[in-house]
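A.B. asks: One structure follows; several queries about it will come next.
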Amino acid sequence: MSMSRPPGRWHRLIDKLSGPPPNEAVLATRKGKLFWRRYSTFSCGMLISLVLFIAPEFVNQWNRVPDPSTLQTLQVRILYTQQTEPHLFVELSNGQRREMEWPIPVSAGGRFRSHVWDDAQRESLPGCRATVQGAGLKLTLTERFRIWALDCTEKNISISFSTTSKNFPRDLATSLVTGLFILIPYYLFYVFIFLREKRGHL
């Protein structure tokens, strides 16, 4: 007569995290529903992580430091500047007005300062006719143009590609590590939520 093997250590841990025995009454009301409706709390948590962490980080890694030869060169008149993105508001030679930004990590709602210029340069640039080199960001919900070089001869201000690109890989690495530092415990917590929902206790 064969005997069933006792549950292993991981099985016992999962069973303990899942809580009391399944709540059959609650599970019956969820039967046949779509996954996101059966596990609404878990699904909401996954959606939040996608919007706040995964999607912005994917965009960041897709828009790394470009080849300088691929940059677009534009003649602009700088209308005004600000500390956080979009850092510059400019008028193109055809009269179109456009927002531009220095290389910074993309986030769901952050406003980041750039350290490629100082306050004196930022305050001096409005009114300047400048040459900028940059590229549009890919995979963003709105049109965004990233500047990698700026030259304003009348104000004697020049910010080169080497200046803007020097620390950007480090910034991206910091952003990635920070995201992982947040997501690992976040996902562990939502595994616990999923196990509870699976038994009808949430």
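The values are calculated or read from the model by the stated rules, or taken from the named source; none is laboratory data. Note that the structure is predicted; figures quoted are calculated from it, not measured. Cβ placement follows ideal geometry from the backbone for every residue including glycine, while neighbour counts extend to all protein chains displayed. Ligands, DNA and RNA are stripped out before the accessible areas are found, and what is left, the full protein with its side chains, is counted by its heavy atoms. Shrake-Rupley method; radii C 1.70, N 1.55, O 1.52, S 1.80 Å.
A.B. asks: Test of understanding: among Leu176, Leu172, Leu139, which residue is part of a loop (DSSP other than H, G, I, E, B), touching a residue at least 24 places away in the same chain (Cβ under 8 Å) and of a type in the set (A, V, I, L, M, F, W, C)? Walk me through it before giving the result.
C.D. replies: On the way: Leu176 fails: part of a loop (DSSP other than H, G, I, E, B); Leu172 fails: part of a loop (DSSP other than H, G, I, E, B).
Every option except Leu139 fails the conditions.
A.B. asks: Only one residue in Thr178, Thr163, Thr153 is open to solvent by 50 Å² or more (accessible area, probe 1.4 Å) and under 19 Å from the mean Cα position of the chain (by Cα). Which one?
C.D. replies: Criteria check complete, one pass: Thr178.
A.B. asks: Same structure, new question: For the range 143-169, how many residues meet the condition of being touching an Asp or Glu at 6+ places or on another chain (Cβ under 9 Å), within 20 Å of Pro105 (Cβ to Cβ) and not in a strand (DSSP E or B)?
C.D. replies: Number satisfying all stated conditions: 2.
A.B. asks: Among the candidates Thr164, Thr131, single out the residue that is closer than 18 Å to Thr84 by Cβ, modelled with pLDDT of 95 or more and hydroxyl-bearing (Ser, Thr, Tyr).
C.D. replies: Sole residue among the options that is closer than 18 Å to Thr84 by Cβ, modelled with pLDDT of 95 or more and hydroxyl-bearing (Ser, Thr, Tyr): Thr164.
A.B. asks: Would you check which residues across the range 112-150 are basic (Lys, Arg) and either more than 19 Å from the chain's Cα centre (by Cα) or open to solvent by 60 Å² or more (accessible area, probe 1.4 Å) (or both) and list them?
C.D. replies: Arg113, Arg122, Arg129, Lys138 - these are the residues of the range 112-150 that are basic (Lys, Arg) and either more than 19 Å from the chain's Cα centre (by Cα) or open to solvent by 60 Å² or more (accessible area, probe 1.4 Å) (or both).
A.B. asks: Related question: Would you confirm, using the coordinates I've provided, whether Ile104 is buried (at least 19 other Cβ atoms within 10 Å of the Cβ) and either among the basic types (Lys, Arg) or part of a strand (DSSP E or B) (or both)?
C.D. replies: No.
A.B. asks: Are there helices (runs of 4 or more DSSP H) fully within the range 1-75 with at least 2 residues that are open to solvent by less than 60 Å² (accessible area, probe 1.4 Å) and touching a residue at least 40 places away in the same chain (Cβ under 8 Å)? List them. Let's see the steps before the verdict.
C.D. replies: Values: elements: 9-18, 24-30, 35-38, 40-49, 55-62.
Correct list: 24-30, 40-49, 55-62.
A.B. asks: Pull up the range 23-75, narrow it to residues that are of a type in the set (Ser, Thr, Tyr) and farther than 26 Å from Leu88 by Cα, then point me to the one that is modelled with the lowest pLDDT.
C.D. replies: Among them, the one singled out is Thr29.
A.B. asks: Suppose the filter is surrounded by fewer than 17 Cβ atoms within 10 Å (Cβ to Cβ), more than 25 Å from the chain's Cα centre (by Cα) and either part of a loop (DSSP other than H, G, I, E, B) or of a type in the set (D, E, K, R) (or both); does Gly109 pass it?
C.D. replies: For Gly109, the condition - surrounded by fewer than 17 Cβ atoms within 10 Å (Cβ to Cβ), more than 25 Å from the chain's Cα centre (by Cα) and either part of a loop (DSSP other than H, G, I, E, B) or of a type in the set (D, E, K, R) (or both) - is not met.
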